[in-house]
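Asks: First the structure, which I've put down as structure tokens, then a few questions once you've had a look.
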Amino acid sequence: MEPQLSKDTSHQCLEKILSDRAIKTLFQPIISVEQNGVFAVEALSRGMAKDGCSLIPPNLLFSLPQSENELLMLDRLCRERAIETFVSLTHVHPSLLIAINIDASIINSATATSNHLFEISKREGVNSNNIIIEIIESRATDTDVLMEFVSYYRDNGFLIALDDVGAGHSNLDRIPLLKPDIIKIDRSLISDIDSVFHKREIVKALKQMASKVGTMILAEGVEKKDEALVCMEIGIDCFQGFYFGRPVESQEFDFKMVQNTIGSLKTCFKKHKMQKISEATKRARQHRSIAEMVTSQITNLESSKYDEKIQSIVNTDPAIECVYVLNLDGIQITDTFLNTTNSIQQKRFIYKPAPKNSDHSLKEYYLPLRAGLHTFTTEPYISMATGKRCTTIAAFYQNREGVKNILCIDLDCG
Ligand SMILES: [Ca+2]
């Protein structure tokens, strides 16, 4: 449950924080594997309690403001304290960047070009090129004002990051509008990405999009090595999360320790990649030999005997998901024969085997054959026949009547 204070206590507590400037800034490392180290820190604000030693957690701190104005004052104080605290780090690490969170709900027509952050950075001698502004886009109420704010700061050298992308109601349509320099993928998509196929595919799609539009992708909330390894496989280079380092005070910041973590991650990645390559090679070899076996059994067979033959083959190997035959126009001329030894746990209505006469002429496995290839293997995808992850091998063969057909075999990809 969220901690809650009465209205009066909240007000008193906030007043004290604002008058004493009682905000402590913690820094969490943002790393680049390629650069082999920390290239930025995210500033995270904590309130300092009256006792002077304990810290007020962010969810409680940001629940204190009772009005828009109070929220703006607190937000500004947090930014000021962040830049002031960051100065000591820049003396030792001049190329280090600082990421500062801005609550998009306080960006309105009055604050959009108020220069507040720009003024503090000038006052403290921090170059605007070293500052990343993190915006949680879903909190913005007015897109035009948000765009005005973003273009003002971008024109003045600041970098723009969209925060928590993929969480809650974050709108993907804001990406083309704001053209962020960095997209921070929310922890909800990164957590367990090593075991959840759908998360991997979503992050892969975001990464592909980002590469095309020239935006950097950063994976947030990495807590396990395996999550980082999968992200690296997708091509992500920048990370943040407890696996690399927790938020700490500036004097406790340990650059060396983060570097050691990256070093050991790189070693694991090489091993992980080699293992993946060898597994993929083994699976491809196994799939090829199954395809050859099925093709040889059906080649030179009378077309009237297809059904009986395929039915007898389909259960011979657990890697086979289903088998079906197309004519040269891509029209299915047999039923889809499912391997009945594989238990299909969930048969929802969208997963159903394609019936006879289905048109496959636009499918990924059909077109390359028509373009001249003898066989074609697809990338892994979720089968609409079974709902499982599979690959399709399509190959030409000739039947007893001398007619060329296309044999399609869906094979389990685990
Ligand atoms: Ca953030």
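The values are calculated or read from the model by the stated rules, or taken from the named source; none is laboratory data. Bear in mind that the values here come from a model prediction, so they are computed numbers and not experimental data. Neighbour counts run over all protein chains shown; Cβ positions are idealised from the backbone, glycine included.
Asks: Does ASP155 fit the bill of being within 16 Å of the ligand (Cβ to nearest atom), assigned by TED's automatic domain parsing to the domain that holds HIS116 and not polar (S, T, N, Q)?
Replies: Against the criterion (within 16 Å of the ligand (Cβ to nearest atom), assigned by TED's automatic domain parsing to the domain that holds HIS116 and not polar (S, T, N, Q)), ASP155 does not qualify.
Asks: If you don't mind, another one. Restricting attention to segment 105-131, which residues are outside any helix (DSSP H, G or I), surrounded by fewer than 17 Cβ atoms within 10 Å (Cβ to Cβ) and either modelled with pLDDT of 90 or more or within 16 Å of the ligand (Cβ to nearest atom) (or both)?
Replies: The answer is GLY125, ASN127.
Asks: Here's something else I'd like to know. Has segment 89-97 got any residue that is assigned by TED's automatic domain parsing to the domain that holds GLN240, in a helix (DSSP H, G or I), away from the ligand (no atom under 14 Å from the Cβ) and free of Cβ contacts under 8 Å to residues at least 24 places away in the same chain?
Replies: The answer is yes, given that some residue of segment 89-97 is assigned by TED's automatic domain parsing to the domain that holds GLN240, in a helix (DSSP H, G or I), away from the ligand (no atom under 14 Å from the Cβ) and free of Cβ contacts under 8 Å to residues at least 24 places away in the same chain.
Asks: Got at least one residue in segment 191-198 being of a type in the set (Asp, Glu), away from the ligand (no atom under 16 Å from the Cβ) and out of contact with any His (no Cβ under 7 Å at 6 or more places or on another chain)?
Replies: Yes, because at least one residue in segment 191-198 is of a type in the set (Asp, Glu), away from the ligand (no atom under 16 Å from the Cβ) and out of contact with any His (no Cβ under 7 Å at 6 or more places or on another chain).
Asks: Being within 16 Å of the ligand (Cβ to nearest atom) and part of a strand (DSSP E or B) narrows it down to one residue among ASN59, ASN101; which is it?
Replies: Residue meeting the stated conditions: ASN101.
Every residue, every condition in (1) at pLDDT below 95; (2) under 13 Å from the mean Cα position of the chain (by Cα); (3) surrounded by fewer than 21 Cβ atoms within 10 Å (Cβ to Cβ); (4) in the same structural domain as ILE100 (by TED's automatic domain parsing), yes or no:
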site: MET147; (1), (2), (3), (4): yes, no, yes, yes
site: VAL150; (1), (2), (3), (4): yes, no, no, yes
site: VAL165; (1), (2), (3), (4): yes, yes, no, yes
site: GLY168; (1), (2), (3), (4): yes, no, yes, yes
site: PRO176; (1), (2), (3), (4): yes, no, yes, yes
site: LYS179; (1), (2), (3), (4): yes, no, yes, yes
site: ILE190; (1), (2), (3), (4): no, yes, no, yes
site: ILE193; (1), (2), (3), (4): no, yes, no, yes
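Asks: Report yes if some residue within segment 186-194 is β-branched (Val, Ile, Thr), in contact (Cβ under 8 Å) with a residue 40 or more places away in the chain and within 20 Å of GLU134 (Cβ to Cβ); otherwise report no.
Replies: The answer is yes, given that some residue of segment 186-194 is β-branched (Val, Ile, Thr), in contact (Cβ under 8 Å) with a residue 40 or more places away in the chain and within 20 Å of GLU134 (Cβ to Cβ).
Matching residues to (1) in the same structural domain as GLU379 (by TED's automatic domain parsing); (2) within 16 Å of the ligand (Cβ to nearest atom); (3) more than 12 Å from the chain's Cα centre (by Cα); (4) part of a loop (DSSP other than H, G, I, E, B):
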site: LEU206; (1), (2), (3), (4): no, no, no, no
site: SER211; (1), (2), (3), (4): no, no, yes, no
site: ASP226; (1), (2), (3), (4): no, no, yes, no
site: PHE239; (1), (2), (3), (4): no, yes, no, no
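Asks: Here's a follow-up. Would you confirm whether any residue within segment 281-290 is without any contact (Cβ under 8 Å) to a residue 12 or more places away in the chain, over 22 Å from PRO355 (Cα atoms) and not hydroxyl-bearing (Ser, Thr, Tyr)?
Replies: yes
Asks: Still on this model: For segment 152-163, which positions are among the polar types (S, T, N, Q) and buried (at least 22 other Cβ atoms within 10 Å of the Cβ)?
Replies: Passing the criteria: none in range.
Asks: Among the residues of segment 151-159, is any outside any helix (DSSP H, G or I) and closer than 23 Å to GLU233 by Cα?
Replies: no
Asks: For residues that are within 13 Å of the ligand (Cβ to nearest atom) and either modelled with pLDDT of 85 or more or basic (Lys, Arg) (or both), tally how many sit in segment 132-145.
Replies: 5
Asks: Next up: Of the conditions (1) under 30 Å from LEU265 (Cα atoms); (2) crowded, with 19+ Cβ neighbours inside 10 Å, ILE102 fails just one. Which one is it?
Replies: Just one mismatch for ILE102, condition (1).
Asks: Something else: Is it true that some residue in segment 40-51 is modelled with pLDDT of 90 or more, assigned by TED's automatic domain parsing to the domain that holds SER121 and of a type in the set (D, E, K, R)?
Replies: Yes: one or more hits.
Asks: Here is a follow-up. Can you pull out every residue in segment 376-414 that is over 17 Å from LEU326 (Cα atoms) and among the acidic types (Asp, Glu)?
Replies: Answer for segment 376-414, where residues must be over 17 Å from LEU326 (Cα atoms) and among the acidic types (Asp, Glu): GLU379, ASP412.
Asks: Condition first: over 21 Å from ILE136 (Cα atoms) and surrounded by fewer than 21 Cβ atoms within 10 Å (Cβ to Cβ). Now tell me which residues in segment 212-243 satisfy that.
Replies: LYS212, GLU223, LYS224, LYS225, ASP226, LEU229, MET232, GLU233, ILE234, GLY235, ASP237, TYR243
Asks: Let me ask something else. Would you mind finding the one in LYS276, LYS256, LYS266, LYS282 that is modelled with pLDDT of 95 or more, assigned to a helix (DSSP H, G or I) and basic (Lys, Arg)?
Replies: LYS266
Residue-by-condition table, conditions (1) part of a loop (DSSP other than H, G, I, E, B); (2) touching a residue at least 40 places away in the same chain (Cβ under 8 Å); (3) not assigned by TED's automatic domain parsing to the domain that holds HIS198:
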residue	(1), (2), (3)
TYR365	yes, yes, yes
THR386	yes, yes, yes
THR392	no, no, yes
TYR397	no, yes, yes
GLY402	yes, no, yes
